[in-house]
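Engineer: Take this structure, written in structure tokens, and hold onto it; I'll ask about it next.
Taken together, the values in this text are just the output of simple stated rules run on the coordinates, not laboratory data. Owing to the predicted nature of the structure, the values given are computational and were not obtained by experimental measurement. Note that each Cβ is placed from the backbone with ideal geometry, even for glycine, and that neighbours are counted across all protein chains shown.
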Amino acid sequence: MIHDNETWLKWISEIQALVQSGLAYSKNEYDIERYIRLREMVSELAAHCSDQDVDEIKNIFTIEAGYATPALEHTRLTTASRSIAK
């Protein structure tokens with residue numbers, strides 16, 4: 001089954017929300033390392049789906065900290081993706 005970029009971006013934004021929340025609440029250095037690596041992987045996926053530079057996507061993902069809801073993350077990611085593409 002092939003999924004369109006909008007579906008991939010939805011999944012990516014949900015994972016990014018989990019990463020952001022995990023980084024906000026984790027105290028264990030190993031968990032923090034895992035969340036940072038997961039954020040890097042999600043940034044690469046988002047860059048691939050949006051044809052944007054990985055560093056730009058990483059910057060978008062690191063702007064906010066703390067608890068994130070997937071719906072808000074999805075909105076922010078798709079809005080940022082569109083504005084970067086212009």
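Engineer: Quick check: pseudo-label points 7 Å beyond the Cα along Cα→Cβ at S26 and E44, how many nm apart are they?
Structural biologist: Reported label-point gap for S26 and E44 is 1.7 nm.
Engineer: Taking the highest mean first, how do the peptides 60-66, 47-53, 28-34, 13-19 order by number of other beta carbon atoms within 10 angstrom per residue?
Structural biologist: In decreasing order of mean packing, 60-66, 47-53, 28-34, 13-19 become 13-19, 47-53, 60-66, 28-34.
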